[in-house]
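Undergrad: First the structure, which I've put down as C-alpha cells, then a few questions once you've had a look.
Only the coordinates and a few stated rules stand behind these numbers; no lab work does. Note that the structure is a prediction, hence the values are computed from the model and not measured. Glycine gets a Cβ as well: all are built from the backbone with ideal geometry, and neighbour counts include every protein chain shown.
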Amino acid sequence: MPTRQTTERRPKEENHTMPEALMPDLSPLAAGDLLTEDQLPFAAPHPEGDALKIEPEAPIKTWFGVGGKARQFAHVRSLAQLRNALRMEPALRVLGDGANLLVDDSGVRGLVVKLADPLSSCTIDDDGQLRKRTRDSKWTHDGKRLVYVGAGAHLFKVMNQTVAAGLGGLEVLAGIPACVGGAIVMNAGGAFGQIADVVRTVYALRREDPSTLIALPRERIAFGYRSSGLGHLVIVGAELALTPGDAGALKARMKEINDYKLTTQPMRANSAGCCFKNPVLLAPLAGVGEAGQRVSAGKLIDLAGLKGTRLGTAVVSDLHGNFLLCDDPEHGSASDIIALIELVREKVQERFGVRLENEVVVWKG
Ligand SMILES: Cc1cc2nc3c(=O)[nH]c(=O)nc-3n(C[C@H](O)[C@H](O)[C@H](O)COP(=O)(O)OP(=O)(O)OC[C@H]3O[C@@H](n4cnc5c(N)ncnc54)[C@H](O)[C@@H]3O)c2cc1C
C-alpha cells in the first residue's frame, strides 16, 4: 500500500488578491532605461478612440467549447480603453486564447475583456531602432534580438513570425495554444522549455491604479512551474529576448515538437491541455518517484485506471491521462467536466494519497 500523501488545497476558482509579501516590486517605466509608453508599439493609441464597446451576454470562447456567457464583454484595443475598463471594474477578467480555462455553465457576472490589435501586435526590433531611442549604447542583450509583443498576440503567430525571421527561443513552445499574456501568467511550457526563458520585461497595469504602465524586469518575476505570480495584474505586453539562428533549422525543430505532441496528446480535442499540475511527492511512491520529486499527474491518473472514464460528455483521454476532454461540445456542459475533475481527483487521492491541484482555471460567479 503506498504511503499517503497530502498536498495543499487550492481554491478552485481564480483569486486576484495576493499576499503582500509575494507582491513583486513594481517599477513605473523609467525613462532612459526602458522604452516609454509612447515608444512601445503595442501601446499605440487606437484610431477609434478610448471608448469601450461593451457587448451584453456574450459567449466566452474557450478550447473546451462549453460553458456560460459573460454578462459584459469587450474587445480592448488600447491602453486607454483598458484603463477605462479597469476604472469601471477593477476585478474584470482577462480572456486570452481560452486554452486553460473552464467557464461555469452559469457564466460570469462581471466584465470580461479580450486584448485586440495593437495590444495583439508583434514587432521585431530589426535594427535596434526602438531600443536605441532610449539607450543607444546597446540594443541587444547577450547577443539577442528584442521583440515587442502585445499580450493579446497569439503565441503561434509570434512563434511563426520570429522563427521566419531567424530568431530562436519560442519554437520550443510549439503546439501550446495561448495568447502571450496567458502564456506569461501560466508560464506555459513543458519538457522542451518555458516562456520564462525568453521574457526580458513584462509590461502591465495594476487593477486598482491603472494610470501608470509598470515594467517588470525578468529578475523580479517569480516564475515557477506553471506560475508567474502575476495573475493579480493585467499584462499588456512583453519584451522578449530571442537568439539569432537559422530559420530553416528553427522551423524544423518547431515541426518536430509539434509532431511529437500530436502522437502523445489529443491536441485537436476540446480540452484545456493538462487539467492538473504535476504534483510533488511528499513521500516515495513505488514505481512513480521519490519524495520531493515532481511526477506526472497523467501517469498517476493512468495507474489509477482512469483513462477512458466518462461522465456525460466529459471523458479522460485514452492517449494522455491528464487531458480531460469534452467530446460533444454542442450538447456538453462545463458541469460534466467539473464533475469529472472532482472524480479523478478523488480516485487519485484514494489510490495514492496524492491530492491533484487544478492547472485549469475555473471561472464562476
Ligand atoms: C491542446 C492543448 C495543449 C496544451 N499544452 C500545453 C503545454 O504543453 N504546456 C502548457 O504550459 N500549457 C498547455 N496548455 C494549456 C494552455 O495552452 C496554457 O495554459 C496557456 O498559457 C493558456 O493561455 P491562454 O492565453 O489561452 O490563457 P486563458 O486560458 O485565456 O487564461 C488563463 C488564465 O490567464 C489569465 N490571463 C490571460 N491573459 C491575461 C493577461 N493579459 N493578463 C492577466 N491575466 C491573463 C486569464 O485571466 C486566466 O486566469 C495546452 C492547452 C491545450 C488546449
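Undergrad: For the chain, give the share of DSSP beta bridges that are antiparallel, in percent and rounded to the nearest 5; count only bridges with both residues there.
TA: Working: 40 of 53 bridges.
Antiparallel: roughly 75 percent of the beta bridges in the chain.
Undergrad: Describe numerically, in nm with one decimal, the distance between label points set 7 Å from Cα along Cα→Cβ at L343 and at T212.
TA: Roughly 5.1 nm, to one decimal.
Undergrad: From a point 7 Å beyond the Cα of I54 in the direction of its Cβ, which residues of segment 339-365 have a backbone N at a distance under 17 Å?
TA: From segment 339-365, the list is empty.
Undergrad: Assign one of three labels to segment 118-276, namely rounded, prolate or oblate, based on the Cα gyration tensor with a ≥ b ≥ c the square roots of its eigenvalues; rounded applies when a/c is under 1.5, prolate when it is not and a/b is larger than b/c, and oblate otherwise.
TA: Details: a/c = 2.02, a/b = 1.18, b/c = 1.71.
Judged from the Cα gyration tensor, segment 118-276 comes out oblate (a/c at least 1.5, b/c at or above a/b).
Undergrad: Further question: How much length, in nm to one decimal, is gained on full extension between R71 and R310, taken as 0.36 nm per residue of separation minus their Cα-Cα distance?
TA: Values: separation 239, 0.36 × 239 = 86.04 nm, distance 3.08 nm.
So the chain would gain 83.0 nm between R71 and R310.
Undergrad: If you don't mind, another one. Kindly provide the helix-only [θ] at 222 nm of the chain, computed as the sum of -39,500 (n - 2.57) over DSSP H runs of four or more divided by all residues, to the nearest 500 deg cm²/dmol? Kindly include the intermediate steps, with their values, before the conclusion.
TA: Details: 7 runs with 75 residues, N = 365.
Result for the chain, helices only: -6000 deg cm²/dmol.
Undergrad: Mind checking the angle between helix 334-352 and the chain's longest principal axis? C-alpha axes, 0 to 90 degrees, to the nearest 10.
TA: Orientation of helix 334-352: about 60 degrees from the principal axis.
Undergrad: Compute the helix-to-body angle for 79-88: its Cα long axis versus the longest principal axis of the chain, expressed 0 to 90° and rounded to tens.
TA: Here the helix axis deviates by roughly 60 degrees.
Undergrad: Please sort by residue number the trypsin sites (Lys or Arg not before Pro) in segment 138-195 whose DSSP state is loop and whose Cβ has at most 13 other Cβ atoms within 10 Å. List each step's numbers first, then the result.
TA: Details: sites: K138, K144, R145, K157; in loops: K138, K144.
Passing sites in segment 138-195 are K138.
Undergrad: How long are the three semi-axes of the equivalent ellipsoid of segment 268-354, in whole Å, if each is the root of 5 times an eigenvalue of the C-alpha gyration tensor, listed from largest down?
TA: Values: eigenvalues 128, 27, 20 Å².
Listed largest to smallest, the semi-axes of segment 268-354 are 25, 12, 10 Å.
Undergrad: Follow-up. Which entries of K277/K299; K261/K364; K261/K307 have Cα-Cα distances beyond 22 Å here?
TA: Details: K277/K299 12 Å; K261/K364 31 Å; K261/K307 18 Å.
Result: K261/K364 exceed 22 Å.
Undergrad: Tell me the label-point distance for the pair A249, A165, using the 7 Å Cα-to-Cβ offset, in nm and rounded to one decimal.
TA: 2.0
Undergrad: Further question on the same structure: Label point 7 Å out from S106 along Cα-to-Cβ: which residues of segment 326-360 have amide N under 16 Å?
TA: Those under the cut-off are 334-336, 338-339.
Undergrad: Rg and Dmax of segment 24-248, Cα atoms, in Å?
TA: Considering segment 24-248 through its Cα atoms, Rg and Dmax are 17.0, 55 Å.
Undergrad: Please list the equivalent ellipsoid semi-axes of segment 32-89, computed as the square roots of five times the alpha-carbon gyration tensor eigenvalues, in descending order and whole angstrom.
TA: After diagonalising the Cα gyration tensor, the semi-axes are 28, 15, 10 Å.
Undergrad: Another one. Run the numbers for V280 and D197: contour at 0.36 nm per residue of separation, minus the present Cα-Cα distance, in nm. If you can, show how the numbers build up before the last one.
TA: On the way: separation 83, 0.36 × 83 = 29.88 nm, distance 2.22 nm.
Gain on stretching V280 to D197: 27.7 nm.
Undergrad: Still on this structure, please answer the following. Under the definition of Cα pairs under 8 Å and six or more residues apart, what whole-number percent is the relative contact order of segment 24-248?
TA: Details: 507 pairs, mean separation 48.8, N = 225.
The value is 22 percent.
Undergrad: Taking Cα centroids, how far is segment 283-333 from segment 52-106 in Å?
TA: 29
Undergrad: Further question: For the chain, what is the charge dipole size about the Cα centre, in debye to the nearest 20, if Lys and Arg each add +1 at the Cβ and Asp and Glu each add -1 at the Cβ? Walk me through the numbers before you get to the answer.
TA: On the way: 43 positive and 43 negative charges, 72 e Å.
In total the dipole reaches around 340 debye.
Undergrad: In addition: Mind checking the full-extension length gain between D259 and R220? Use 0.36 nm per residue of separation minus the Cα-Cα distance, one decimal, nm. The partial results should precede the final answer.
TA: Details: separation 39, 0.36 × 39 = 14.04 nm, distance 3.49 nm.
Length difference between fully extended and current span is 10.5 nm.
Undergrad: At q = 0.12 Å⁻¹, what is the log10 ratio I(q)/I(0) for segment 198-295, with the Debye formula run over Cα points and no solvent?
TA: Computed log10 I(q)/I(0) values: -0.73.
Undergrad: Mind ordering 68-76, 92-100, 231-239 by average Cβ neighbours within 10 Å, highest first? Show your work: numbers first, answer last.
TA: Details: 68-76: 20.7, 92-100: 22.7, 231-239: 24.8.
Packing proxy ranking, top to bottom: 231-239, 92-100, 68-76.
Undergrad: Follow-up question, since we're still on this one. State, to one decimal in nm, how far the label point of D328 lies from the label point of E350, with both points 7 Å from Cα in the Cβ direction.
TA: Output for this residue pair reads 2.5 nm.
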